[in-house]
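The next block holds one structure in the form of structure tokens; read it before the comments.
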């Protein structure tokens, strides 16, 4: 498979963006290129944060336009146009990041008779209905069914996402649906020595409610003050979280938004990392495969994470980090403070975390699992 057509028809995911979804796109592209493949990207948005190693990437862009129902129809039309561009260019395999209303993979595989890999990162139909407006759910569901039926393999980032897909497609397609969790670039993110002074605890991510950063800030303010907090990233909750930190007297360094390639240097010198996901009323809400935890491990940082969702499947409690109950500032503070006061334990966890990242969670390993027995 020398020529790979990578499709992303989701207008909310720019190829060269800074959020986790864009990082995921870039890393899968890198993994294909590491195999020696020639990758052409077909998308609806490029973004402007182009990493140096992807500056030579061929990118075909057809934007989605309009609003509401018109936008949904535009997304379907753009998917068809991008599929035709793939057909015109030719490919040996097609890899598509699942998006609403796209049937591009189905069109390409039917015409070219090549392998197709469909990557499902989230229950997008449910998300759109719950958090935005979904005008034509029937069309969205039909597109998902068509894509899964056409895909050589449908890969989902977690078991809850895989279960969501299975409930919406023909049972005959179930055997080609697999769970393959996210990964990390272990060359880009490496361990660095801790900075002198009080241990620095890192959080990396977009500042949105489902990351639980307010609990982390409260934990810092209420704890032993034996550690400081560095929040890498920004987002809708940024102003409120800065106000909270000032109000409770927390020792927090807010870096603001950063490009993905800047994350390693901001993790350098840190001693511990945190993933304080909050509790939710529905366990199904914790369907994501958290990129940040894999990045923490690659950086050799012991991880203190909430015992929710996929975190217990990644963190070996007491070996690569500590698990705590969600939305509990006291429990979070105690766990972090215990590691802050135990440099030997941190060092052992650091080595174990890095080893787990390199042996089990590199993006090359992820792509091997996705294409196993096909490519």
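Just so you know, all these numbers are worked out from the coordinates, no wet-lab data involved. All figures in this text were calculated on a predicted structure; none of them were measured in a lab. We place every Cβ from the backbone using ideal geometry, glycine too, and count neighbours over all the protein chains shown.
For the peptides 245-258, 334-347, the ranking by mean Cβ contacts within 10 Å, running from highest to lowest, is 334-347, 245-258. Short-range pairs are left out: with C-alpha atoms under 8 Å and at least six residues apart, the relative contact order of segment 3-180 is 19 percent.
Remark: 4, 177 ranked as 177, 4, counting other beta-carbon atoms within 10 Å and listing the fewest first. For segment 1-64 versus segment 160-213, the spacing of their alpha-carbon centroids is 19 Å.
The order of 29, 125, going from fewest to most other C-beta atoms within 10 Å of their C-beta, is 125, 29. Using just its DSSP H runs of length 4 or more, each adding -39500 (n - 2.57), the chain gives a mean residue ellipticity at 222 nm of -12500 deg cm²/dmol after division by all residues. Fewest first, what order do 99, 351, 222 take by the number of other Cβ atoms within 10 Å? Starting with the residue having the fewest Cβ neighbours, the order is 351, 222, 99.
Suppose we look only past 26 Å in the calculated P(r) of segment 216-335. What percent of the Cα-Cα pairs does that tail hold? Looking at segment 216-335, the distances longer than 26 Å represent 17 percent of pairs. Under the criterion of Cα pairs below 8 Å and six or more residues apart, the relative contact order for the chain equals 15 percent.
Bridge orientation summary for segment 200-360: considering DSSP beta bridges with both residues in this region, about 5 percent are antiparallel.
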